Amino acid sequence: MMRVTFVHADGKGRTEVEAEPGSILLDVAQAHLMPLEGTCEGQMACSTCHVIVAKEDFDRLPPASEMEEDMLDLAAGVRRTSRLSCQISLTAEMGALTVHIPSESRNMQGPR
Ligand code: FES
């Protein structure tokens, strides 16, 4: 198991969860009611699964593909450490991961 911390869109609230290696980050987020829409269900066609990875964790992730980079260009509030959560497969080696829910996601259902 590994630990994932979601920092809510208000920057204050946090949800810490355990996740199975091999899980997709978007699925973990949605299972814990984080407000990530994931409209295209991981087909890299929407960018509504955008998260901002904590700087200290970003470099430990496999790099984004060119297609993911292209889709991130369309996401609102993109930062240097932005990723599409549907493209992040959790591994035991990651140990722990902290991601921020973009404030642009606040109008969706779920914890703020
Ligand atoms: Fe659509 Fe990730 S769910 S790009």
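Any read-out appearing in this document is the output of simple, stated calculations on the displayed coordinates, not a laboratory observation. Every value quoted in this text rests on a predicted model; they were computed, and no experiment measured them. Neighbour counts run over all protein chains shown; Cβ positions are idealised from the backbone, glycine included.
Points to keep in mind about this one:
- DSSP-assigned coil residues among trypsin sites (Lys or Arg not before Pro) in region 67-98, each with at most 16 further Cβ atoms within 10 Å: R79, R80
- Going from the fewest other Cβ atoms within 10 Å to the most, the residues V17, V28 appear in the order V17, V28.
- The phi-based Karplus calculation (6.51 cos²θ - 1.76 cosθ + 1.60; θ = phi - 60°) puts the 3J(HN,Hα) values of region 90-98 at 6, 10, 4, 5, 5, x, 9, 9, 10 Hz, whole numbers, x for Gly and Pro.
- Kirkwood's formula applied to the C-alpha pairs of the chain gives a hydrodynamic radius of 13.6 angstrom.
- Considering only C86, L61, M34, and ranking their Cα positions along the charge dipole of region 33-112 that arises from unit charges at the beta-carbon of Lys, Arg, Asp and Glu, the one farthest toward the positive end is M34.
- Under the criterion of Cα pairs below 8 Å and six or more residues apart, the relative contact order for the chain equals 42 percent.
- Net length gained if the chain between E37 and S103 were fully extended (0.36 nm per residue, minus Cα distance): 22.4 nm
- Theoretical gain in end-to-end length, A96 to R14 [0.36 nm per residue, Cα-Cα removed]: 28.1 nm
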